[in-house]
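Report on the structure given below.
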Amino acid sequence: MEGKVLLIIAAHPDDPEFGCGATVAKYIKEGATAYYIVCTNGNRGSRGNDFDPEDLVKTRHQEQKNAADIIGAKETFFLDYEDGNLVANLEVKEQIVRIIRKLKPDIIFTHDPSWFYQVSDGSARVNHNDHRQTGVATLDAVYPLARDLASFPEHAKVGLTPHKVPEVLLFSIQTPDYFVDVSGSWETKVKAVLAHQSQIDDPKQTKKRVTERMKELGKQADYDYSEGFIRLIFT
């Protein structure tokens, strides 16, 4: 990973840590440089009945910065769209393309947009709209928008040139096909997740859940701890 550039594109503050925190921490230790894009401001990310959205946004920005520092990411770009209402429109895609062309990432991490819902043991889960929309916008930005000179030609006026992203890793809940051994960085992920204090009612239970998930994925790949992704390689 020496000299590699990683770009993590996530919907909400805390998604980078939950989605790929241990892998990113591992790759940073191996010499990579990581950046975050967080698409929404998290203003609805509270289970409380009475809260000030503006205060919550400030809190979540700071929590995300603290978590990124724990992981070792260099910079976080906040797009600050409203939580819950993200649409993968041309405006969002242009902002992502602009940052891709600026940073020239070797690997992009983002949400799997194809995961819509899950039913397990009689219990259903629906993937958040913002997760799906972030995944769609990111994949569209990767191909063809960031690659093609004819897409957003105004970027050239500020020195931003097209970039072909070699690899994308999608956070995968159901069908990972690529596993990363995070036995040396899983504790960093847990610490970073717990930095999002406004989102965690029971830190002990959250630590247990996050740790057990990494152990479960580890069993699939014969590691002690793992994170799982869908891996896209572009040749």
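Sorted from fewest to most neighbouring beta carbons within 10 Å, what does the list K26, K4 look like?
Details: K26 24, K4 17.
Fewest-to-most Cβ neighbours within 10 Å comes out as K4, K26.
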Problem - Relative contact order of the chain, pairs being alpha-carbon contacts under 8 Å that are 6 or more residues apart, as % - result: 25
Completion exercise
Among S123, S151, S198, the residue with the largest mean-square fluctuation in a Gaussian network model of the chain built from Cα contacts under 10 Å is S123
Fill in the blank from the handout: For the range 117-235, shape from the Cα gyration tensor axes a ≥ b ≥ c, cut at a/c of 1.5 then a/b versus b/c, turns out prolate
Problem - Distance in nm between pseudo-label sites at K104 and D80 (7 Å out along the Cβ direction from Cα) - result: 3.0
Practice task
Calculate for the chain the 222 nm mean residue ellipticity that helices alone would give, adding -39,500 (n - 2.57) per DSSP H run of length 4 or more and normalising by residue count, nearest 500 deg cm²/dmol.
Solution key: -12000 deg cm²/dmol
Problem - Local net charge near V165, Cβ-Cβ under 10 Å (Lys/Arg +1, Asp/Glu -1) - result: +1
Completion exercise
the chain, Gaussian network, Cα under 10 Å: of A73, A221, A22, the residue fluctuating most is A221
Handout entry: Extension gain, S183 back to D55 (0.36 nm per residue minus Cα-Cα distance, nm)
Key = 42.4 nm
Problem - Amide hydrogen neighbours beyond the local backbone of E227, cut-off 5 Å, H modeled - result: V180, V182
Practice task
At a Cα cut-off below 16 Å, give the lysines reachable from K102, other chains included and same-chain residues fewer than 8 away excluded.
Solution key: K4, K74, K93, K157, K164
Practice task
Pull up the cross-link candidates among the aspartates and glutamates for K58, meaning alpha carbon to alpha carbon under 20 Å and not fewer than 8 places away within one chain.
Solution key: D14, D15, E17, D50, D69, E75, D80, E82, D83, D130, D201
Problem - Cα-projected label distance for L149 with D202, points at 7 Å along beta-carbon direction, nm - result: 5.9
Completion exercise
Given unit charges at Cβ for Lys, Arg (+) and Asp, Glu (-), the dipole magnitude of the chain about its Cα centre in debye, nearest 20, is 460
Exercise for the section: Please find, in a Gaussian network model of the chain (springs between Cα atoms separated by less than 10 Å), the residue of Q205, Q64, Q220 whose mean-square fluctuation is greatest. Expected result: Q205
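Summing +1 for each Lys or Arg and -1 for each Asp or Glu, what net charge is found among the other residues whose Cβ lies under 13 Å from the Cβ of L86?
Spelling it out: positives minus negatives among the neighbours equals -3.
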Exercise for the section: Express in nm, to one decimal, how much length is gained between D224 and Q118 on full extension, taking 0.36 nm for each residue of separation and deducting their alpha carbon distance. Expected result: 35.6 nm
Handout entry: Stretch gain in nm, segment I173-E212, where the contour uses 0.36 nm per residue and the Cα spacing is subtracted
Key = 12.7 nm
Exercise for the section: For the range 165-187 and the range 83-159, write down the distance between their C-alpha centroids in whole Å. Expected result: 18
Problem - Radius 14 Å from Cβ of C39, net charge of other residues (Lys, Arg +1; Asp, Glu -1) - result: -4
Exercise for the section: Quote the convex hull volume per residue of the chain, based on C-alpha atoms, as a whole number of Å³. Expected result: 127
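By counting other Cβ atoms within 10 Å of each Cβ, how are F51, F152, F234, F229 ranked from fewest to most?
Fewest-to-most Cβ neighbours within 10 Å comes out as F234, F51, F152, F229.
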Handout entry: Partner lysines for K207 [C-alpha distance under 21 Å; skip if fewer than 8 residues away on the same chain]
Key = K26, K65, K189, K191, K215, K219
Problem - Protection proxy ranking, peptides 75-86, 29-40, average beta carbon neighbours within 10 Å, highest first - result: 29-40, 75-86
Practice task
Set Lys and Arg Cβ to +1 and Asp and Glu Cβ to -1, take the dipole of the chain about its Cα centre, and tell me which of H128, G21, V168 lies farthest positive.
Solution key: V168
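How would the range 90-151 be classified by its alpha-carbon gyration tensor: rounded, prolate or oblate, with rounded meaning a/c under 1.5 and the a/b versus b/c comparison settling the rest?
The shape class here is prolate.
Taken together, the values in this text are just the output of simple stated rules run on the coordinates, not laboratory data. Quantities reported herein were computed from a predicted structural model and do not represent experimental measurements. Heads up, the Cβs are rebuilt from the backbone with ideal geometry, glycines too, and the neighbour counts pull from every protein chain shown.
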